[in-house]
1. I'd like the Karplus ³J(HN,Hα) series for region 205-212: coefficients 6.51, -1.76, 1.60, θ = phi - 60°, whole numbers in Hz, and an x wherever there's a Gly or Pro.
2. Using amide H atoms built 1.01 Å from N in the peptide plane, name the residues 5+ places from VAL3, or on other chains, whose amide H lies under 5 Å from its own.
3. List every residue whose amide H lies under 5 Å from the amide H of LYS220, counting only residues 5 or more places away in sequence or on a different chain, with H placed 1.01 Å from N in the peptide plane.
4. What's the extension gain from ASN7 to GLU121 if we count 0.36 nm per residue and subtract their Cα-Cα distance?
5. Could you give the distance between the Cα centres of region 2-17 and region 145-198, to the whole Å?
6. For the chain, what does -39500 (n - 2.57) per DSSP helix run (n ≥ 4), summed and divided by total residues, give at 222 nm, in deg cm²/dmol to the nearest 500?
7. Taking a ≥ b ≥ c as the square roots of the eigenvalues of the Cα gyration tensor of region 149-217, is the shape rounded (a/c under 1.5), prolate (a/b larger than b/c) or oblate?
8. Can you give me the P(r) profile for the chain? Cα pairs, bins 5 angstrom wide beginning at 0, each as a whole percent.
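Each reported figure results from applying straightforward, stated rules to the coordinates on display, with no laboratory input. Only a predicted model underlies this, so the values are computations on that prediction, with no experimental measurement involved. Here Cβ is always computed from backbone atoms with ideal geometry, including for glycine, and neighbour counts include all displayed protein chains.
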Amino acid sequence: MPVKVKNVSFSYLVKTPNEVKALDDVSFEIKDNSITTIIGHTGSGKSTIIQLFNALMVPSSGEIEVDDFVITSNPKKNKRIKELRRHIASIFQFPEYQLFEETVEKDVAFGLKNYGMKEPEAIEKAHKALKLVGLDETFYKRSPFELSGGEKRRVAIAGILVLNPDILIMDEPTAGLDPAGTKIVLDLIQSLHNQGKTIILVTHDMNVVLNYATDVIALKNGKVSFDGKPSNLFELSSEDLALEVPPLYAFSKMLYDKGIKVDIENIRTLDDLLNQLKGMKHE
Ligand SMILES: Nc1ncnc2c1ncn2[C@@H]1O[C@H](COP(=O)(O)OP(=O)(O)OP(=O)(O)O)[C@@H](O)[C@H]1O
Ligand SMILES: [Mg+2]
C-alpha cells in the first residue's frame, strides 16, 4: 500500500518567537515498490517529512497514511507505533554513529532482540542481513568500531534490513562514502527495489535521481515544487528548479535536438545510451 501524505504542515518551536514552518500544506503519494527520491535545497523540509513517515514526529496538521496506519497531529490516535516502525524503517544520515555493540553480528541482531526474538535466531537472521549488504562471515565477530566508513555504513543498513521492513527510508545514505562505497550502497538499494521493497531516498545527487529513481518529489521552502518522473524533472529548465542537470541527461538531450532521436525517457545509465546508439541504423 502506498504512503499518502495529505495536507501536512509541520512547525518547529511552535508558539515561540523562533517558530519555523518547515512543511506547508504538503500532499503527495509514494507508490508501492517505487524508488522515490526526495530532493530540494538545504532547509527545504526533506528530513522533516521523512521523520513524520514513521511517527518520530507528528504533523502539526494533516495526516499521513502508511497502509492501515494513520499518523495525525493527535498523539493519542497514533497507535501501534512499534509495529509501524518495523513496517517502515528509517536509516538516518551517518547511521554508523549509532553502532554500539561489541561485535558486528550482535549489533545487527540488536533490533530483533528488541522485538522479542531469542538471541540464536536473531544472530542467524543478522548473518543473512550481513550477506545482503555484502559482508561475509569474517566480519561477524569483528568490532564495528574497527571497520572502514563504508563497512560501518553497511553494518548499520543491515541492522535495519534484519527487521525486514516493506518500506525503507534513507536520508543521504551515500554521504561521506568514497565512489566504491557509494556504488555498493546504491546497488543494494536497487537490489532491495528488485525484491519488492519501496525505497524513499533523500538525496542531493541528481545523477542518483537519474540512475535509480522511479519517482521524484522536490520540496522548496516546505512546499512540493515537483512531483513526477525523473525525465520530466530534467526537462524543466535548471533555473526553474535550481538544480544540476546530470551530464548524461544533457548529452542525450543534445543528441536528440541534433536529430539523433534517442529515447531519453529510457536512458538512465551510460550503457542505456550506448545500447540505443548501437541499435540505430546509419543513414
Ligand atoms: N530541530 C529543529 N528546530 C528548529 N528548526 C528546525 C529544526 N530542524 C529543522 N529545522 C528547520 O526546519 C526547516 C526544514 O529543515 P529540514 O531539516 O527538514 O531541511 P532539509 O531539507 O533536510 O535540509 P538539509 O538538506 O540541509 O538536510 C529549516 O528551516 C530548518 O532550519
Ligand atoms: Mg536533511
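1. 9, 5, 5, 5, 4, 5, 6, 10
2. ILE30
3. SER225
4. Details: separation 114, 0.36 × 114 = 41.04 nm, distance 4.23 nm.
So the extension gain works out to 36.8 nm.
5. Value for the Cα centre distance between the two parts: 28 Å.
6. Working: 11 runs with 106 residues, N = 283.
For the chain, the value works out to -11000 deg cm²/dmol.
7. Values: a/c = 1.69, a/b = 1.02, b/c = 1.65.
Oblate, because a/c is 1.5 or more while a/b does not exceed b/c.
8. Calculated over all Cα pairs of the chain, the distribution is 1, 5, 11, 14, 16, 15, 13, 10, 7, 4, 2, 1, 0, 0 percent.
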